[in-house]
Amino acid sequence: MSPYRLAILAAVGTGVQVGAAIVATRFAVGQVGPGSLALLRYAVGCLFLAPVVLSSGLPRFRARDVAPIAILGILQFGVLVALLNLSLQYIPAARASLLFATFPLMTLLLGAATRREPPSARVAFGVTVSILGVGLTLGEGVVAGAGGPDEWLGAAAALGSAFTGALCSVLYRPYLQRYPTLSVGFTAMAASVGFLALVAAGEGLFAGWPEVDPAGWAAILFIGLSSAVGYLLWLFALRHAPPTRVTMFLGLSPVTAALLGSALLGEPLTAGTVGGLVLVVTGLGLALR
């Protein structure tokens, strides 16, 4: 199988993983703060990846590339996840996932603006259809009177998270073509742990052992392990396929989040959410046809 086809399969796996992690985060974020949950998530991920990295040799980078890779890691794992966790304190997993699905449109616009990826009319149309699905779901909350300050704070945090991810997806590619995927991923993740430790300290994580029940710890462990695997799949996909094409598969995360959120958390599948999911999947199919 060609590297491109493997990259597409890796992107599919990442889209499903993101949706499942969003639901698990929605379950656990009420027991531990958003920054603290992000720290635990990537501390688990680093511990999972460390033996693999050490067995293949320590990462070796040019001196000028270390800081950019670390900054991208802080943005990708620290800022992005903290904002997404914050949004899940105020809005359901399905809605947060749909707003996060603006990721491909933002990637498309940033790729065109930086001339890293020529715009494609077909991909742009597919992304636009997906965004209509996002608007349908968000608009439903406004019509229903759910657009209060907390609702809009959650929506703004989810959109900010998507923009951060889109920026990183565009800027990662040169380093992924220069260095092994595992080296870049582990270094970026390790850099974010230091940043997130400061955020978690501000939330009081180190003042005492967090009061998390066994189910919460199981969710945190799942989030950490799946994120480590999902991130390596994500970087592999970005290395072998255009960023806009890869990020389109995040359209699978709302489908996963809505189905798992309904099955595991009892979140309702409203008409607006279902309609939004249909448009997201339709847009994905149009762009990849």
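Go through the stretch 225-237 and count every residue that is in contact with a Ser or Thr (Cβ under 6 Å, 6 or more places away or on another chain) and hydrophobic (A, V, I, L, M, F, W, C). Break it down stepwise before answering.
Taking the stretch 225-237 and keeping what is in contact with a Ser or Thr (Cβ under 6 Å, 6 or more places away or on another chain), we get 230, 233-236.
Next cut, hydrophobic (A, V, I, L, M, F, W, C) only: 233-236.
Going through the stretch 225-237 one residue at a time, the tally reaches 4.
The condition of being surrounded by fewer than 18 Cβ atoms within 10 Å (Cβ to Cβ) and within 10 Å of GLY45 (Cα to Cα) does not hold for LEU198.
Report those helices (runs of 4 or more DSSP H) wholly inside the stretch 1-108 carrying at least 3 residues which are surrounded by 19 or more Cβ atoms within 10 Å (Cβ to Cβ) and either acidic (Asp, Glu) or at pLDDT below 80 (or both). Talk me through it step by step, then tell me what you get.
Details: elements: 3-28, 34-55, 63-73, 80-87, 93-100.
Hits in the stretch 1-108: 93-100.
Going through the stretch 1-33 one residue at a time, which ones are without any contact (Cβ under 8 Å) to a residue 60 or more places away in the chain and under 21 Å from LEU84 (Cβ atoms)? Scanning the stretch 1-33 gives a single hit, GLY30. Mind checking whether some residue in the stretch 225-243 is over 30 Å from VAL123 (Cβ atoms) and without any contact (Cβ under 8 Å) to a residue 24 or more places away in the chain? No; the residues of the stretch 225-243 include none that is over 30 Å from VAL123 (Cβ atoms) and without any contact (Cβ under 8 Å) to a residue 24 or more places away in the chain.
Among all positions in the stretch 282-289, there is no residue which is under 26 Å from PHE48 (Cα atoms), part of a helix (DSSP H, G or I), within 18 Å of the chain's Cα centre (by Cα) and at pLDDT below 90. Screening VAL44 against (1) under 18 Å from SER253 (Cβ atoms); (2) in contact with a Gly (Cβ under 7 Å, 6 or more places away or on another chain) leaves a single unmet condition, (1).
Here is a check on your reading of the model: is THR270 surrounded by 24 or more Cβ atoms within 10 Å (Cβ to Cβ), of a type in the set (Ser, Thr, Tyr) and either at pLDDT below 80 or within 14 Å of the chain's Cα centre (by Cα) (or both)? When the stated conditions are applied, THR270 does not pass them.
Within the stretch 178-249, considering only helices (runs of 4 or more DSSP H) that don't extend past its boundaries, which have at least 3 residues that are modelled with pLDDT of 85 or more and within 20 Å of the chain's Cα centre (by Cα)?
Numbers: elements: 181-202, 214-240, 243-247.
Once the helices (runs of 4 or more DSSP H) in the stretch 178-249 are filtered for at least 3 residues that are modelled with pLDDT of 85 or more and within 20 Å of the chain's Cα centre (by Cα), what remains is 181-202, 214-240.
Just need a number here: residues in the stretch 250-278 that are among the β-branched types (Val, Ile, Thr) and assigned to a loop (DSSP other than H, G, I, E, B).
Filtering the stretch 250-278 down to residues among the β-branched types (Val, Ile, Thr) leaves 255-256, 270, 273-274, 278.
This time we only want the ones that are assigned to a loop (DSSP other than H, G, I, E, B), so: 270.
Of the residues in the stretch 250-278, 1 are among the β-branched types (Val, Ile, Thr) and assigned to a loop (DSSP other than H, G, I, E, B).
The values are calculated or read from the model by the stated rules, or taken from the named source; none is laboratory data. Because the structure is predicted, anything quoted here is derived from the model rather than measured. Glycine gets a Cβ as well: all are built from the backbone with ideal geometry, and neighbour counts include every protein chain shown.
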